[in-house]
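The values are calculated or read from the model by the stated rules, or taken from the named source; none is laboratory data. Since the structure is predicted, the reported quantities are computational estimates derived from the model, not experimental observations. Surface areas here come from the heavy atoms of the whole protein model, side chains and all, with no ligands, DNA or RNA. Shrake-Rupley method; radii C 1.70, N 1.55, O 1.52, S 1.80 Å.
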Amino acid sequence: MLLIQSSVSAQLDLFAEIADLKRRMNAVILAHYYQEPDIQDIADFVGDSLALARQAAETRAEVIVFAGVHFMAETAKILNPTRQVLLPDLAAGCSLADQCPADRFREFCAQRPDHLVISYINCTAEVKALSDIICTSSNAVAIVNQLPLDQPIIFGPDRNLGRYVNRMTGREMVLWPGACLVHEIFSEKKLLQLKNRHPAALVIAHPECEEAVLRHADHIGSTSSLLRFVQQSPIQEFIVVTESGILHQMQKSCPDKHFIPAPPNGNCACNECPFMRLNTLEKVYLAMVNRSPEIVMDEPLRERALLPMTRMLAMSPV
(Lines give C-alpha, C1' and ligand atoms only; values in the text may rest on other atoms or scores of the structure.)
Protein backbone atom coordinates (compact mmCIF):
# COMPACT_ATOMS: atom_id res chain seq x y z
CA MET A 1 0.00 0.00 0.00
CA LEU A 2 1.19 3.53 -0.76
CA LEU A 3 2.81 5.28 2.17
CA ILE A 4 0.84 8.49 2.74
CA GLN A 5 2.96 11.49 3.73
CA SER A 6 2.33 15.22 3.76
CA SER A 7 4.79 16.07 0.97
CA VAL A 8 4.34 17.27 -2.57
CA SER A 9 5.86 14.07 -4.01
CA ALA A 10 3.51 11.92 -1.95
CA GLN A 11 0.55 13.96 -3.17
CA LEU A 12 1.65 13.38 -6.76
CA ASP A 13 1.83 9.67 -6.00
CA LEU A 14 -1.69 9.78 -4.60
CA PHE A 15 -2.93 11.36 -7.83
CA ALA A 16 -1.32 8.57 -9.83
CA GLU A 17 -2.58 5.84 -7.51
CA ILE A 18 -6.14 7.17 -7.61
CA ALA A 19 -6.05 7.43 -11.40
CA ASP A 20 -4.91 3.81 -11.58
CA LEU A 21 -7.62 2.68 -9.17
CA LYS A 22 -10.26 4.43 -11.25
CA ARG A 23 -9.23 2.45 -14.32
CA ARG A 24 -9.05 -0.87 -12.52
CA MET A 25 -12.33 -0.43 -10.64
CA ASN A 26 -14.26 1.23 -13.48
CA ALA A 27 -14.92 4.04 -11.00
CA VAL A 28 -15.95 7.66 -11.39
CA ILE A 29 -15.16 10.39 -8.87
CA LEU A 30 -17.83 13.05 -8.48
CA ALA A 31 -16.91 16.11 -6.42
CA HIS A 32 -18.77 19.16 -5.20
CA TYR A 33 -17.37 22.66 -5.68
CA TYR A 34 -16.89 22.90 -1.90
CA GLN A 35 -14.31 20.12 -1.76
CA GLU A 36 -10.62 20.88 -1.23
CA PRO A 37 -8.69 21.78 -4.43
CA ASP A 38 -6.78 18.47 -4.67
CA ILE A 39 -10.03 16.50 -4.69
CA GLN A 40 -11.55 18.79 -7.31
CA ASP A 41 -8.49 18.28 -9.48
CA ILE A 42 -8.61 14.46 -9.30
CA ALA A 43 -12.37 14.28 -9.89
CA ASP A 44 -13.92 13.22 -13.19
CA PHE A 45 -16.67 15.77 -12.69
CA VAL A 46 -17.01 18.79 -10.40
CA GLY A 47 -20.36 20.50 -10.03
CA ASP A 48 -23.26 21.67 -7.92
CA SER A 49 -25.99 19.41 -6.55
CA LEU A 50 -28.12 19.43 -9.71
CA ALA A 51 -25.21 18.73 -12.05
CA LEU A 52 -23.91 16.01 -9.73
CA ALA A 53 -27.34 14.37 -9.58
CA ARG A 54 -27.47 14.35 -13.38
CA GLN A 55 -23.99 12.86 -13.59
CA ALA A 56 -24.92 10.20 -11.05
CA ALA A 57 -28.05 9.35 -13.02
CA GLU A 58 -26.15 9.04 -16.31
CA THR A 59 -22.91 7.33 -15.27
CA ARG A 60 -22.01 3.88 -16.53
CA ALA A 61 -19.25 3.40 -13.96
CA GLU A 62 -19.50 0.40 -11.66
CA VAL A 63 -18.32 2.40 -8.64
CA ILE A 64 -19.24 5.99 -7.74
CA VAL A 65 -16.84 7.72 -5.37
CA PHE A 66 -18.74 10.73 -4.10
CA ALA A 67 -16.53 13.48 -2.71
CA GLY A 68 -19.18 15.54 -0.99
CA VAL A 69 -21.44 15.07 2.00
CA HIS A 70 -23.70 12.23 3.06
CA PHE A 71 -26.95 13.39 1.43
CA MET A 72 -25.15 13.72 -1.91
CA ALA A 73 -23.84 10.17 -1.77
CA GLU A 74 -27.31 9.01 -0.74
CA THR A 75 -28.72 10.78 -3.79
CA ALA A 76 -26.29 8.90 -6.02
CA LYS A 77 -27.41 5.61 -4.43
CA ILE A 78 -31.08 6.51 -4.88
CA LEU A 79 -30.40 6.96 -8.59
CA ASN A 80 -28.06 3.94 -8.89
CA PRO A 81 -29.27 1.01 -6.79
CA THR A 82 -27.04 -1.56 -8.50
CA ARG A 83 -23.81 0.45 -8.31
CA GLN A 84 -21.47 0.72 -5.37
CA VAL A 85 -21.41 4.25 -3.92
CA LEU A 86 -18.48 5.21 -1.69
CA LEU A 87 -18.22 8.26 0.58
CA PRO A 88 -14.66 8.99 1.76
CA ASP A 89 -15.81 9.98 5.26
CA LEU A 90 -19.19 8.88 6.63
CA ALA A 91 -19.03 11.71 9.17
CA ALA A 92 -19.34 14.23 6.31
CA GLY A 93 -22.89 15.23 7.12
CA CYS A 94 -24.87 18.44 6.64
CA SER A 95 -26.10 20.90 9.24
CA LEU A 96 -29.17 21.63 7.12
CA ALA A 97 -30.14 17.96 6.80
CA ASP A 98 -29.56 17.48 10.53
CA GLN A 99 -32.02 20.28 11.31
CA CYS A 100 -34.85 18.46 9.55
CA PRO A 101 -35.50 15.08 11.22
CA ALA A 102 -37.90 12.94 9.20
CA ASP A 103 -40.33 12.35 12.09
CA ARG A 104 -40.75 16.06 12.78
CA PHE A 105 -40.99 16.88 9.08
CA ARG A 106 -43.68 14.21 8.70
CA GLU A 107 -45.74 15.85 11.45
CA PHE A 108 -45.18 19.29 9.92
CA CYS A 109 -46.51 18.10 6.56
CA ALA A 110 -49.40 16.14 8.10
CA GLN A 111 -50.72 19.39 9.59
CA ARG A 112 -51.04 20.76 6.03
CA PRO A 113 -52.46 17.86 3.98
CA ASP A 114 -53.44 20.08 1.04
CA HIS A 115 -49.86 21.31 0.54
CA LEU A 116 -47.44 20.00 -2.07
CA VAL A 117 -44.08 19.23 -0.46
CA ILE A 118 -40.92 20.51 -2.16
CA SER A 119 -37.68 19.61 -0.43
CA TYR A 120 -34.26 21.06 -1.13
CA ILE A 121 -31.88 18.25 -2.06
CA ASN A 122 -29.87 19.03 1.11
CA CYS A 123 -31.91 16.56 3.18
CA THR A 124 -31.88 12.90 4.14
CA ALA A 125 -33.31 10.07 2.06
CA GLU A 126 -36.12 9.76 4.63
CA VAL A 127 -37.14 13.40 4.08
CA LYS A 128 -36.88 12.97 0.31
CA ALA A 129 -39.27 10.02 0.64
CA LEU A 130 -41.81 12.31 2.35
CA SER A 131 -41.60 14.86 -0.47
CA ASP A 132 -43.45 15.32 -3.74
CA ILE A 133 -40.60 17.06 -5.59
CA ILE A 134 -36.92 17.60 -4.84
CA CYS A 135 -35.17 20.78 -5.96
CA THR A 136 -31.71 22.35 -5.87
CA SER A 137 -30.66 25.98 -5.66
CA SER A 138 -30.16 25.81 -9.45
CA ASN A 139 -33.72 24.80 -10.30
CA ALA A 140 -35.92 25.75 -7.32
CA VAL A 141 -37.39 28.87 -8.92
CA ALA A 142 -38.00 27.12 -12.25
CA ILE A 143 -39.73 24.17 -10.56
CA VAL A 144 -42.00 26.33 -8.40
CA ASN A 145 -42.93 28.44 -11.43
CA GLN A 146 -44.24 25.30 -13.15
CA LEU A 147 -46.85 24.70 -10.45
CA PRO A 148 -50.36 26.25 -10.38
CA LEU A 149 -50.48 29.58 -8.55
CA ASP A 150 -53.24 28.34 -6.27
CA GLN A 151 -51.28 25.27 -5.18
CA PRO A 152 -50.17 25.65 -1.54
CA ILE A 153 -46.59 24.52 -1.00
CA ILE A 154 -44.42 23.42 1.89
CA PHE A 155 -40.75 24.15 1.28
CA GLY A 156 -37.96 22.69 3.37
CA PRO A 157 -35.51 22.47 4.89
CA ASP A 158 -33.77 25.79 4.08
CA ARG A 159 -35.77 28.87 5.04
CA ASN A 160 -33.35 31.28 3.37
CA LEU A 161 -33.57 29.55 0.01
CA GLY A 162 -37.35 29.34 0.53
CA ARG A 163 -37.57 33.09 1.16
CA TYR A 164 -35.55 33.75 -1.97
CA VAL A 165 -37.83 31.49 -4.04
CA ASN A 166 -40.89 33.21 -2.56
CA ARG A 167 -39.49 36.59 -3.58
CA MET A 168 -38.61 35.43 -7.09
CA THR A 169 -41.95 33.68 -7.74
CA GLY A 170 -44.39 35.82 -5.76
CA ARG A 171 -45.42 32.79 -3.69
CA GLU A 172 -46.10 32.41 0.00
CA MET A 173 -44.77 28.92 0.56
CA VAL A 174 -44.76 27.56 4.10
CA LEU A 175 -41.12 27.30 5.13
CA TRP A 176 -39.47 24.73 7.37
CA PRO A 177 -37.22 26.68 9.80
CA GLY A 178 -33.81 25.27 8.82
CA ALA A 179 -30.63 26.96 7.65
CA CYS A 180 -27.09 26.11 6.50
CA LEU A 181 -24.54 26.92 9.20
CA VAL A 182 -22.00 28.02 6.58
CA HIS A 183 -24.23 30.44 4.69
CA GLU A 184 -26.08 31.80 7.69
CA ILE A 185 -23.01 33.20 9.44
CA PHE A 186 -21.82 35.58 6.73
CA SER A 187 -21.45 39.04 8.25
CA GLU A 188 -23.34 41.92 6.63
CA LYS A 189 -21.09 44.40 8.45
CA LYS A 190 -17.90 42.76 7.18
CA LEU A 191 -19.36 42.47 3.69
CA LEU A 192 -20.02 46.22 3.62
CA GLN A 193 -16.48 46.86 4.83
CA LEU A 194 -15.15 44.71 1.99
CA LYS A 195 -17.29 46.61 -0.51
CA ASN A 196 -15.82 49.89 0.75
CA ARG A 197 -12.28 48.54 0.31
CA HIS A 198 -13.08 47.09 -3.14
CA PRO A 199 -15.57 49.54 -4.72
CA ALA A 200 -15.11 48.06 -8.22
CA ALA A 201 -15.92 44.50 -7.10
CA LEU A 202 -19.27 42.83 -7.72
CA VAL A 203 -20.87 40.85 -4.91
CA ILE A 204 -22.07 37.37 -5.84
CA ALA A 205 -23.98 35.28 -3.30
CA HIS A 206 -25.66 31.91 -2.79
CA PRO A 207 -29.42 32.06 -2.03
CA GLU A 208 -28.89 30.10 1.20
CA CYS A 209 -27.52 33.32 2.69
CA GLU A 210 -29.72 35.51 4.88
CA GLU A 211 -31.74 38.35 3.38
CA ALA A 212 -29.56 41.00 5.04
CA VAL A 213 -26.59 39.71 3.02
CA LEU A 214 -28.46 38.97 -0.21
CA ARG A 215 -29.73 42.53 -0.54
CA HIS A 216 -26.16 43.67 -1.22
CA ALA A 217 -25.56 41.10 -3.96
CA ASP A 218 -25.17 42.00 -7.63
CA HIS A 219 -25.88 38.38 -8.58
CA ILE A 220 -27.58 35.60 -6.60
CA GLY A 221 -27.39 31.99 -7.70
CA SER A 222 -26.27 28.43 -7.16
CA THR A 223 -22.58 27.62 -7.21
CA SER A 224 -22.73 26.78 -10.92
CA SER A 225 -24.57 30.04 -11.58
CA LEU A 226 -21.96 32.02 -9.66
CA LEU A 227 -19.20 30.32 -11.65
CA ARG A 228 -20.88 31.09 -14.98
CA PHE A 229 -21.43 34.70 -13.92
CA VAL A 230 -17.76 35.39 -13.20
CA GLN A 231 -16.73 33.63 -16.41
CA GLN A 232 -19.06 35.78 -18.52
CA SER A 233 -18.67 39.10 -16.71
CA PRO A 234 -16.20 41.74 -17.95
CA ILE A 235 -15.64 42.79 -14.33
CA GLN A 236 -12.25 41.80 -12.90
CA GLU A 237 -12.99 41.63 -9.16
CA PHE A 238 -15.64 39.74 -7.18
CA ILE A 239 -16.60 39.33 -3.54
CA VAL A 240 -17.81 35.73 -3.25
CA VAL A 241 -20.44 34.98 -0.61
CA THR A 242 -20.55 31.20 -0.42
CA GLU A 243 -18.29 28.37 0.73
CA SER A 244 -14.76 29.25 -0.31
CA GLY A 245 -14.12 25.97 -2.15
CA ILE A 246 -15.75 27.46 -5.26
CA LEU A 247 -12.87 29.93 -5.57
CA HIS A 248 -10.63 27.13 -6.86
CA GLN A 249 -12.75 26.63 -9.97
CA MET A 250 -13.23 30.39 -10.41
CA GLN A 251 -9.49 30.99 -10.32
CA LYS A 252 -8.79 28.07 -12.67
CA SER A 253 -11.27 29.30 -15.26
CA CYS A 254 -10.49 33.02 -14.81
CA PRO A 255 -6.82 33.28 -13.77
CA ASP A 256 -6.69 37.00 -14.57
CA LYS A 257 -9.54 37.90 -12.18
CA HIS A 258 -9.49 38.56 -8.45
CA PHE A 259 -11.81 36.67 -6.09
CA ILE A 260 -12.31 37.74 -2.48
CA PRO A 261 -14.02 35.34 -0.05
CA ALA A 262 -16.62 37.10 2.07
CA PRO A 263 -15.87 36.70 5.78
CA PRO A 264 -18.26 35.25 8.35
CA ASN A 265 -18.87 36.52 11.85
CA GLY A 266 -15.94 35.75 14.13
CA ASN A 267 -12.21 35.94 13.46
CA CYS A 268 -11.88 33.70 10.38
CA ALA A 269 -11.22 35.47 7.09
CA CYS A 270 -13.00 32.80 5.05
CA ASN A 271 -15.93 30.44 5.39
CA GLU A 272 -15.42 26.70 4.95
CA CYS A 273 -17.95 23.90 5.52
CA PRO A 274 -16.51 21.67 8.26
CA PHE A 275 -18.39 18.67 6.87
CA MET A 276 -17.22 19.09 3.26
CA ARG A 277 -13.65 19.46 4.46
CA LEU A 278 -13.69 16.11 6.29
CA ASN A 279 -12.96 14.49 2.94
CA THR A 280 -9.28 14.45 1.96
CA LEU A 281 -7.31 13.06 -0.95
CA GLU A 282 -5.98 10.35 1.34
CA LYS A 283 -9.52 9.34 2.36
CA VAL A 284 -10.58 9.19 -1.30
CA TYR A 285 -7.68 6.85 -1.95
CA LEU A 286 -8.40 4.67 1.07
CA ALA A 287 -12.12 4.47 0.25
CA MET A 288 -11.23 3.12 -3.18
CA VAL A 289 -8.65 0.66 -1.84
CA ASN A 290 -10.97 -0.65 0.87
CA ARG A 291 -14.25 -0.27 -1.06
CA SER A 292 -15.54 1.41 2.08
CA PRO A 293 -17.31 3.38 3.54
CA GLU A 294 -20.19 2.35 1.32
CA ILE A 295 -23.66 3.86 1.17
CA VAL A 296 -26.27 1.13 1.76
CA MET A 297 -29.98 1.87 1.61
CA ASP A 298 -33.21 0.04 2.34
CA GLU A 299 -34.84 -0.66 -1.03
CA PRO A 300 -38.42 0.46 -0.13
CA LEU A 301 -36.97 3.75 1.17
CA ARG A 302 -34.89 4.17 -1.95
CA GLU A 303 -37.92 3.65 -4.18
CA ARG A 304 -39.96 6.22 -2.26
CA ALA A 305 -37.12 8.74 -2.44
CA LEU A 306 -36.56 8.07 -6.14
CA LEU A 307 -40.00 9.34 -7.23
CA PRO A 308 -39.51 13.02 -6.17
CA MET A 309 -35.95 12.89 -7.50
CA THR A 310 -37.22 11.69 -10.88
CA ARG A 311 -39.79 14.50 -10.92
CA MET A 312 -37.05 17.03 -10.23
CA LEU A 313 -34.91 15.82 -13.13
CA ALA A 314 -37.92 15.86 -15.45
CA MET A 315 -38.89 19.41 -14.41
CA SER A 316 -35.36 20.87 -14.50
CA PRO A 317 -34.29 23.10 -17.38
CA VAL A 318 -31.56 21.53 -19.47
Cross-link reach from Lys77 to aspartates and glutamates, straight Cα distance under 20 Å and at least 8 residues apart if same chain, gives Asp44, Asp48, Glu58, Glu62, Asp89, Asp98, Glu126, Asp132, Glu294, Asp298, Glu299, Glu303
For the chain, the percent of accessible surface on carbon and sulfur atoms (probe 1.4 angstrom, ligands and nucleic acids excluded) is 51
Among the Cα-Cα pairs of the stretch 86-200, the proportion with separation greater than 20 Å, in percent, is 47
Percent relative contact order for the stretch 52-187, counting Cα pairs under 8 Å at least six residues apart, stands at 20
In nanometres, the difference between 0.36 nm per residue of separation and the alpha-carbon distance of His198 and Ala16 is 61.4 nm
Taking the alpha-carbon centre of each part, the distance from the stretch 210-244 to the stretch 14-68 in Å is 25
Once all protein chains are kept in place, Thr82 shows an accessible area at probe 1.4 Å, nearest 10 Å², of 130
The set of residues whose placed amide H lies less than 5 Å from the amide H of Gly178, leaving out same-chain residues fewer than 5 positions away, is Arg159
Percent antiparallel among DSSP beta bridges confined to the stretch 121-266, rounded to 5, stands at 5
Inverse of <1/r> over all distinct C-alpha pairs of the chain, i.e. the Kirkwood Rh in Å, gives 20.2
The relative contact order of the chain, taking Cα pairs under 8 Å that sit 6 or more residues apart, comes to a percentage of 22
